[in-house]
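Before any comments, here is the structure.
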Amino acid sequence: MPDYQRPQCLTNIHREEIADGLVRVGCHYHIEKLLDDSFLRADIPLPSSLTSSVNKRKTEYLAGRWCAREALRILGFEGIPGMGADRAPLWPDGTVGSITHSKGSAEVMVADARHWLAVGLDTEQWLTAERADRLCRELLTGEEREHLKGLSPIQRANRITLIFSAKESLFKALYPLTGKRFYFHDAARRNPRSLTLLTTLTEQWKHGTEVPFRWRERQQGVLSWIALPR
């Protein structure tokens, strides 16, 4: 049995094997239930860079690392991801993964690096029609905006939310591989289940490369992910 306890601020832990060597773990987190000893009880170190952060940020971090440790254990690995200078998770040797959190929900996807090259995961709350319209030009290319014609306001908002989430997952998957930052207009959803790169990041990840993604629609929002096999 592990020598740590689940803190009261984390509830509804759920686990799922997505594919061989690919695991998702999620939980709900409650900022108001974070206690002074929550990190100690969970046996999860609080990074010095977060000691003066607000409770929201601390609880998000605790939830993500708790789920990450659970996912790693399912795959037969031990440890907790550290945090790099760019604040991205540093995964234990032999693993790759991604963490996301939004509005009281944390999700982690972790993979055995012998079988998986990279993982990107993102969750977003459904955008309102008004906010989606404000963000549309920032998030979508002209080509993608053309495909919104004829949709109702709520359909437009949901489509924009999905593309937003998928592009976030794409960045989380490819940035660790390429070390290159890229932005929303550097990829487009030309096919229902893939994103096409509109810029060249490396020799392997060139302009025109199609990257498949998957997603699940939920009552409060959408969860998208990209898992690249070796």
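Within 13 Å, Cβ to Cβ, of THR178, how many net charges do the neighbouring residues add up to if Lys/Arg are +1 and Asp/Glu are -1? Show your work: numbers first, answer last.
Working: positive: LYS172, LYS180, ARG181, LYS206; negative: ASP186, GLU203.
Overall, the nearby charge balance is +2.
Figure the gain on full extension for ARG73 and ARG134 (residue separation times 0.36 nm, minus the Cα-Cα span) and round it to one decimal in nm. Kindly include the intermediate steps, with their values, before the conclusion.
On the way: separation 61, 0.36 × 61 = 21.96 nm, distance 4.21 nm.
Residue separation times 0.36 nm, minus the Cα-Cα distance, leaves 17.8 nm.
Using θ = phi - 60° and the Karplus form 6.51 cos²θ - 1.76 cosθ + 1.60, what ³J(HN,Hα) does each residue of the range 88-94 get, whole Hz, x for Gly and Pro?
6, x, 10, 7, x, 3, x
For THR196 and LEU35, compute 0.36 nm times the residue count separating them, minus their Cα-Cα distance, and round to one decimal in nm.
Working: separation 161, 0.36 × 161 = 57.96 nm, distance 4.45 nm.
Contour length minus Cα-Cα distance gives 53.5 nm.
Through the Karplus equation 6.51 cos²θ - 1.76 cosθ + 1.60, θ set to phi - 60°, convert the phi angles of the range 211-226 into ³J(HN,Hα) values in whole Hz; use x for Gly and Pro.
Taking θ as phi minus 60°, the curve returns 10, x, 9, 10, 7, 10, 8, 10, 4, 8, x, 10, 10, 10, 8, 10 Hz for the range 211-226.
Could you give the length gained on full extension between LYS56 and ARG15, defined as 0.36 nm per residue of separation minus the Cα-Cα distance, in nm? Show your work: numbers first, answer last.
Numbers: separation 41, 0.36 × 41 = 14.76 nm, distance 2.34 nm.
Taking 0.36 nm per residue and subtracting the Cα distance, the gain is 12.4 nm.
Could you tell me which of ASN55, HIS14, LEU90 has its Cα farthest along the dipole of the range 10-114 towards the positive end, charges placed at Cβ (Lys, Arg +1; Asp, Glu -1), taken about the Cα centre?
Result: ASN55, furthest along the dipole toward the positive end.
As I understand it, the dipole of the range 68-227 uses +1 on the Cβ of Lys and Arg and -1 on the Cβ of Asp and Glu, about the Cα centre. Which of LEU223, LEU148, SER105 lies farthest toward its positive end?
LEU148
Here, each number is a calculation from the coordinates, and none is a lab measurement. Predicted model, so just to flag it, every value in this text is computed and none were measured. Backbone-built Cβ (ideal geometry, glycine too); neighbour counts: all protein chains shown.
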